[in-house]
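Written out below as structure tokens is the structure these notes cover.
The values are calculated or read from the model by the stated rules, or taken from the named source; none is laboratory data. Source: prediction; values computed, not measured. Cβ: placed from backbone, ideal geometry, glycine included. Neighbour counts: every protein chain shown. These area figures cover heavy atoms from the full protein model, side chains too; ligands, DNA and RNA do not enter into them. Shrake-Rupley method; radii C 1.70, N 1.55, O 1.52, S 1.80 Å.
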Amino acid sequence: MAKTYDYLFKLLLIGDSGVGKTCVLFRFSEDAFNTTFISTIGIDFKIRTIDLDGKKIKLQIWDTAGQERFRTITTAYYRGAMGIMLVYDITNEKSFENIKNWIRNIEENASADVEKMLLGNKCELEEKRQVSKERGEQLAIEYGIKFIETSAKASIRVEEAFFTLARDIKAKMEKKLEASNPPKGGHQLRASEPQRKPPSWLSRCTLL
Amino acid sequence: MGDIEEVFDLFTQDGVILKQAQASYMQFLNSLGTVYINEAKTDPRERFLEWKPNDITVDSDMQDQEWAVVNTIQKRTRTISGSLPSDYSNRLRSLRVPFRDIKSFKSSHKNRELTVYNGQGDTICIFLFQTNCDHMAGHLKKFMKVVPSKRDRNLYYVQDNTLEIQQLTKSFAELNLPTDDSGIWRLVRNFQTQPVETTFEAFSKVTTLMYKTMDKKEISDHDREALNKSITEYGSNNTTDFAGNSNDYEVVATVPELPVRPEFPRLKPLSQELWRDHMDFEGKIEDVESVKNLIFRGGICPSIRKEVWKYLLEYYPWTSTYKERQNLAENLKDEYYKMKLQWKTITKTQEDNFSDYRDRKSLIEKDVNRTDRTVEFFAGDNNKNLNTLFEILMTFVMYNFDLGYVQGMSDLLSPILQLVEDEVESFWCFVGFMKIMSSNFDIDQAGMKEQFKKLQELLAFFSPNLSNYLNEHDSANMFFCFRWLLVWFKRELSQDDVMRFWEVLWTGLPCQNFHLLIAVTILDNEKEALMANGNGFTEILKHINDLSGKLDIDTIFNKAEGVYHQLKNAEHLTDNVRAILGLPLAPSSSNSASSSIAREMSLASDACASNGSAPRCSVENVRISPDENSYERSISGSYL
Ligand SMILES: Nc1nc2c(ncn2[C@@H]2O[C@H](COP(=O)(O)OP(=O)(O)O)[C@@H](O)[C@H]2O)c(=O)[nH]1
Ligand SMILES: [Mg+2]
């Protein structure tokens, strides 16, 4: 079988409804922006494979519906996520304030060592800005995570955001692998996550 | 064991309800208590799984939903050595199971239930956890040497003792049970006439057969798995009990066949002539049922759709006269504008001080801009129809502030507004639709969860293979159907098809929850693709999401109605499914207990007789219990 990728990372986009999660994802997966987009109902994901330091990394990025009410359903899909993009809208104060709640939500539902990143989207709308860049940076420091301002519409730093997150996950994973698995031939990815049943991303991580 | 002994707790968990145990524990069934893993300082040390009832034992919420079965059969067949010392039963206070008696255990119902087996197909006890049994199961795994089952990742065998199980299994698997009309299968049939007498005769013969064929070859993993299947899969997903509790039946069988599916080709849509024919001189609709039937069979002609929808959505009563409708319309118009004025006249300060209102408003603003913008009616910048959409939804917030606005509602309104056009009439039609759909938008999602459960039960009955597959692949919760159910397939169909689709569902024919049968039908159509390549929840979700735009509603309606008739006429139809579809429950006459045993036995007999590959069957499928009826009627509690 042809080797199509080395690693599969499951990522998640969360944040209030309307902050632009679906648009960010669409920008990243199709490099396009569509103003006639429909709101997300339930959950879906898109795939894009990227090259990182000579490794092919398949990103499986999950997009969720934002409204509070649907969280019991959407959190079911947090399981196995390795990276989470927390998205707010820089023109919407409330969506920024809610990031705290989303982080709590992650703590309750995702694995503890999930890699997180804060995105302030719609950054091309400077004239409507309600949340300064400094506040975004400050919040990120508080939580010890990275921060980037993006625009799905103007295609600003969306690529960078995903690459950064993917790189951090990769580094973390490789570190873990080394720790638990002193140099030996071949990958032994199993060791990286003690689970009863390896999740699907893991079983496909092995070299094909 | 009645002596005072030194025992210390290795693990305890409270909030645990005893769901099933031997008959002597009947008084404690459904009681709330605490489970312990205890160690007695005997030599050698002995460990127990123990359950003690709390002093106050009421949990009405649970009791109403759940069922209880007293495991009376154990007394007649094999007793579990040691699990219930006789002196204990006199002053029963706690249920105590020595570790050595536990041969396997299994978590089910989203890990809310823990079932402990004695390795002979008998359930020792079932616990229902108010939270979940993860910790408990974790500790059992720690304290006993266990291996997970390959088929069911929620089932664990206690390893030291598995040999006995294996041998017993093999003996069954290898039985060359006669397929002719002689031997035990004649006995089986005699159940129908003399259930009790025949039971005992059968027991002795089956047992004899069983022991004769013991001690043969090595037991393969596969056979062990087969036993596992017999205990567990039947429990989680089968034809007699979708609640997943039927461990006291152990019929391993090919699934009973459903009747042949009849065809229901779509008919012509309700025409203007026919519609007028049904209206009397005052404008009342005569023979509403026949009108609904026509709509159910063929939908509505576009030329009169706008008018007929107002009846289907209860804006107009079917039997209203022209005059009454005129008055009604005027009153409702007044009422609408009153409500609209309320939010229209809200001041900036009021709004600033009213966050619940602001939240609803901002959600609507965002969603209106993302609703059906590719449909011409809503396309383009500054489209006035978007504004109408907004105003209706805002007015709905004033109409039902508690429900407010939830994502998905704009999707439900959009086809109505597009067709009806008039703002006021659209609003009231939307109100009618929301009467049907509002539980989908419950704050705690209870309505959606309830539907997932029902869908799961229907699928388990209609398409057990697929249902099993989903259970084994992280998809038992049916969440992948969320979008389908939330907005009644709106996102899967074109705007035209949505209209044709909803009007059929609005007739309420041919049964309750027909939309769930639609879902079952589509899932069944996609069975092969869904089960291909060991698809997991990711692939399953993807496949379902990708069906959007590919569904042919006419063939789906045709089949779904056929599915309904197959279910309705299935001999093994359960009251569970009847309840979901709103069919009358089976009469519970005094002899129904024995007749349902006869039915079970004949299923077992059919299965063993018709299936050449490793027939398995055990005495446990014969159960004579006064709880038979309550058992059959039971619906397990919400486990989502
Ligand atoms: N100006 C601007 N608008 C955006 C941007 N990203 C998304 N939007 C708009 O914000 C709205 C919500 O976007 P969506 O991706 O559906 O949000 P989601 O609910 O978080 O998925 C849509 O109307 C988008 O057109 C952006 O970067 N800039
Ligand atoms: Mg979205």
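Percentage of Cα-Cα pair distances in segment B:507-573 greater than 21 Å, rounded to whole percent? Don't skip to the end; give the middle numbers.
Numbers: 733 of 2211 pairs.
The calculated P(r) of segment B:507-573 puts 33 percent of pairs beyond 21 Å.
For q = 0.12, 0.15 Å⁻¹, what log10 I(q)/I(0) does segment B:404-503 give under the Debye formula with an equal point scatterer on each alpha carbon and no solvent?
Cα-only, vacuum Debye calculation for segment B:404-503: -0.47, -0.69.
Carbon and sulfur atoms: what percent of the 1.4 Å accessible area of segment B:363-501 do they account for? Working shown, then result.
Working: 1790 of 4090 Å².
Percent of accessible area from carbon and sulfur atoms in segment B:363-501: 44.
How much FRET efficiency would the formula 1/(1 + (r/R0)^6) give for A:ASP53 and B:THR34, where r is the Cβ-Cβ distance and R0 is 56 Å, rounded to 0.05? Let's see the in-between values first.
On the way: r = 54 Å, r/R0 = 0.96.
Efficiency at R0 = 56 Å is approximately 0.55.
With a 1.4 Å probe and all protein chains kept in place, how do B:LYS310, B:LYS542 rank by accessible area, largest first?
Working: B:LYS310 20, B:LYS542 50 Å².
These residues rank, largest area first, as B:LYS542, B:LYS310.
For B:ASP9, tell me the accessible area in Å² from a 1.4 Å probe, rounded to the nearest 10.
B:ASP9 has an accessible surface of roughly 80 Å² with all protein chains in place.
If amide H atoms are built 1.01 Å from N in the plane of the peptide, which residues on other chains or at least 5 residues away come under 5 Å of the amide H of A:ALA65?
It is A:GLY42, by chain and number.
More than 14 angstrom separation, counting every C-alpha pair in segment A:21-71; what % is that? Walk me through the intermediate numbers first.
Numbers: 741 of 1275 pairs.
Counting every Cα pair in segment A:21-71, those more than 14 Å apart make up 58 percent.
When all C-alpha to C-alpha distances in chain A are sorted into bins of 5 Å, what percent of pairs does each bin hold, rounded to whole numbers?
The percentages, shortest bin first, are 1, 7, 15, 20, 20, 16, 10, 6, 3, 1, 0, 0.
How much accessible area per residue does chain A have, in Å², with a 1.4 Å probe? Don't jump to the answer; show the numbers that get you there.
Values: 9320 Å² over 208 residues.
Ligands and nucleic acids excluded, the figure is 45 Å² per residue.
Using amide H atoms built 1.01 Å from N in the peptide plane, name the residues 5+ places from A:LYS56, or on other chains, whose amide H lies under 5 Å from its own.
When sequence neighbours closer than 5 places are left aside, the close amide H contacts are A:ASP6, A:TYR7.
Tell me, what HN-Hα J-couplings in whole Hz come from the Karplus equation 6.51 cos²θ - 1.76 cosθ + 1.60 at θ = phi - 60° for each residue of segment A:21-35, using x for Gly and Pro?
Here the 3J(HN,Hα) series is 4, 5, 5, 4, 5, 5, 4, 6, 8, 10, 6, 8, 9, 9, 7 Hz.
Name the residue from B:PHE430, B:ILE364, B:GLN350 whose Cα lies farthest towards the positive end of the charge dipole of segment B:313-436, charges +1 on Cβ of Lys and Arg and -1 on Cβ of Asp and Glu.
After comparing all options, I get B:GLN350.
Output the relative contact order of segment A:53-130, whole-number percent, from Cα pairs under 8 angstrom with separation of 6+ residues.
Across segment A:53-130, relative contact order equals 37 percent.
A plus B alone minus the pair: what accessible area, both sides summed, probe 1.4 Å, in Å² to 100?
Details: alone 11020 and 28270 Å², together 36050 Å².
Buried surface at the A/B interface: approximately 3200 Å².
Could you tell me which of the pairs A:LYS170/B:LYS150; A:LYS58/B:LYS542; A:LYS94/B:LYS333; B:LYS435/B:LYS550 are separated by over 26 angstrom between their Cα atoms in the structure shown? Each step should come with its number before you reach the end.
Details: A:LYS170/B:LYS150 31 Å; A:LYS58/B:LYS542 16 Å; A:LYS94/B:LYS333 36 Å; B:LYS435/B:LYS550 29 Å.
From A:LYS170/B:LYS150; A:LYS58/B:LYS542; A:LYS94/B:LYS333; B:LYS435/B:LYS550, over 26 Å: A:LYS170/B:LYS150; A:LYS94/B:LYS333; B:LYS435/B:LYS550.
Would you mind calculating the relative contact order of segment A:12-169 from Cα pairs under 8 angstrom and at least 6 residues apart, reporting the percent as a whole number?
26
Using protein chains only and a probe of 1.4 angstrom, how many square angstrom of B:LYS292 are accessible, to the nearest 10?
Answer for B:LYS292: close to 40 Å² accessible.
Please list 3J(HN,Hα) in residue order for segment B:398-408, calculated via the Karplus relation 6.51 cos²θ - 1.76 cosθ + 1.60 where θ = phi - 60°; whole Hz, with x for glycine and proline.
6, 5, 9, 5, 4, 6, x, 10, 10, 4, x
Using bins 5 angstrom wide from zero, how does P(r) for segment B:313-436 break down, in % of all Cα pairs?
Binned Cα distances yield the sequence 2, 11, 20, 22, 19, 13, 8, 3, 1, 0.
Calculate the translational D of segment B:294-381 in whole µm² s⁻¹ from Stokes-Einstein, where the hydrodynamic radius comes from the Kirkwood formula applied to all Cα pairs, the temperature is 25 °C and the viscosity 0.890 mPa s.
Estimated diffusion coefficient is 145 µm²/s.
When only the heavy atoms of the protein chains count and the probe is 1.4 Å, how do B:TYR337, B:TYR315 rank by accessible area, highest first?
Numbers: B:TYR337 95, B:TYR315 10 Å².
Greatest to least solvent exposure: B:TYR337, B:TYR315.
Roughly how many Å² of B:LYS435 are accessible to a 1.4 Å probe, to the nearest 10?
130
Using the beta-carbon distance between A:ALA112 and B:LEU585 and R0 = 60 Å, what value does 1/(1 + (r/R0)^6) give for FRET efficiency, to the nearest 0.05?
Numbers: r = 48 Å, r/R0 = 0.80.
For R0 = 60 Å, the calculated efficiency reads 0.80.
List the residues of segment B:404-441 that lose 20 Å² or more of accessible area once all protein chains are present, compared with their chain alone (1.4 Å probe, heavy atoms only, no ligands or nucleic acids).
Those residues are B:VAL406, B:GLN407.
Normalised by the number of residues in segment B:375-518, what is the relative contact order in percent for Cα pairs under 8 Å and 6+ residues apart?
In percent, rounded to a whole number, it is 19.
What residues of segment A:59-96 lose no less than 10 Å² of accessible area with every protein chain in place versus their chain by itself (probe 1.4 Å, heavy atoms only)?
For segment A:59-96, once contacts with the other chains are taken into account, A:GLN60, A:TRP62, A:GLN67, A:ARG69, A:PHE70, A:THR72, A:ILE73, A:ALA76, A:TYR77, A:ARG79, A:ASN92, A:LYS94 lose 10 Å² or more.
Compare B:CYS125, A:CYS23 by solvent-accessible area with a 1.4 Å probe and give them largest first, with all protein chains kept in place.
Details: B:CYS125 0, A:CYS23 30 Å².
Descending order: A:CYS23, B:CYS125.
Using the basic label-point model (7 angstrom from Cα toward the beta carbon), what is the B:PHE401 to B:ASP277 distance in nanometres?
So the label points at B:PHE401 and B:ASP277 sit 5.1 nm apart.
Can you give the local net charge around A:SER29? Use residues other than it whose beta-carbon is closer than 13 angstrom to its beta-carbon, Lys and Arg +1, Asp and Glu -1. Intermediate results must be reported in sequence, preceding the final value.
On the way: positive: A:LYS21, A:ARG27, A:LYS46, A:ARG48, A:LYS58; negative: A:GLU30, A:ASP31, A:ASP44, A:ASP63, A:GLU159.
Value of the local net charge: 0.
How would you rank B:457-463, B:368-374, B:523-529, highest first, on the average number of other Cβ atoms within 10 Å across their residues?
Going from most to least packed, we get B:457-463, B:368-374, B:523-529.
Can you give me the distance in nm between label points at B:ARG261 and B:CYS301, each placed 7 Å from the Cα along the Cα-to-Cβ direction?
Once both label points are built, they end up 3.2 nm from each other.
How many angstrom lie between the Cα centre of segment B:322-377 and the Cα centre of segment A:24-57?
Using only Cα atoms, the two centres lie 35 Å from each other.
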